[in-house]
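Asker: Got a structure for you, written out below as structure tokens; questions coming shortly.
The values are calculated or read from the model by the stated rules, or taken from the named source; none is laboratory data. This is a predicted model, so every value here is computed, not measured. Cβ sites come from the backbone with ideal geometry, for glycine too, and all protein chains shown count toward neighbours. These accessible areas exclude ligands, DNA and RNA; they are computed on the full protein's heavy atoms, side chains included. Shrake-Rupley method; radii C 1.70, N 1.55, O 1.52, S 1.80 Å.
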Amino acid sequence: MAFATNHPSRNTLAAGPVRAEDAAKLLLRVALGVLMLLHGIGKLEGGIATVVGMVAKTGLPGALGYAVYLGEVVAPLLLLVGLFTRPAALVVAINMVVAVLLAHTAQLTALTPNGGWALELQAFYLTVALAIALLGAGRISVGGAQGRWN
């Protein structure tokens, strides 16, 4: 399905017309990439001592907490440009699972005062990341639809 246009050169990439599927993949990548990157920027500005402390509290080396930068800075940037998209989405998914295990296990069965699930945001990030890992980047990406990891 191509975007409606009366001019053959509009809404095209080198490989042909832009399809709604590729636009949807771009929309998912940008939404997840921007929202996760904002968390990463917050950690870049404010530090990650809290994360390092939570990791150390589990008995693991606290230095592993620095991996949060992969899931909240590096992977979102890769998602935004559409390069190594599938691995980047899996990194975000793993980041979300670890975040739930480290900081949100008490909320697994909790509801908000409005009746929503207390972890709906984390679940949504995880679900979108898994969807991107399954779908790939699409043609509107640096790696292109045919890129091995896209």
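Asker: Scan the chain and hand back the longest stretch that contains none of the trypsin sites (Lys or Arg not before Pro) lying in DSSP loops with at most 16 other Cβ atoms within 10 Å.
Answerer: 11-147
Asker: Would you mind checking which residues have amide H under 5 Å from W117's amide H? H placed 1.01 Å from N; only 5 or more apart, or other chain.
Answerer: Counting only residues 5 or more places away or on other chains, the set is T112.
Asker: Report, by chain and number, residues whose modeled amide H sits under 5 Å from the one on V18, excluding near sequence neighbours (fewer than 5 apart, same chain).
Answerer: Sorted by chain and number, the residues that satisfy this are F3, T12, L13.
Asker: Rounded to the nearest 500, what is the chain's calculated 222 nm mean residue ellipticity when only DSSP H runs of at least 4 contribute -39500 (n - 2.57) each, over all residues?
Answerer: So the calculated ellipticity at 222 nm is -17000 deg cm²/dmol.
Asker: Top to bottom by accessible area (1.4 Å), largest first, where do M96, M54 land?
Answerer: M54, M96
Asker: Angle, helix 85-103 long axis vs. longest principal axis of the chain, Cα atoms, 0 to 90°, nearest 10?
Answerer: Tilt relative to the chain: about 20 degrees.
Asker: Can you give the longest stretch of the chain with no exposed loop site, where a site means chymotrypsin sites (Phe, Trp or Tyr not before Pro) in a DSSP loop (not H, G, I, E or B) with at most 16 other C-beta atoms within 10 Å?
Answerer: The answer is 4-148.
Asker: Roughly speaking, what % of Cα-Cα pairs in the chain are separated by over 23 Å, rounded to a whole number? Display every interim value, and only then the final one.
Answerer: Numbers: 5032 of 11175 pairs.
When every Cα pair of the chain is considered, 45 percent fall beyond 23 Å.
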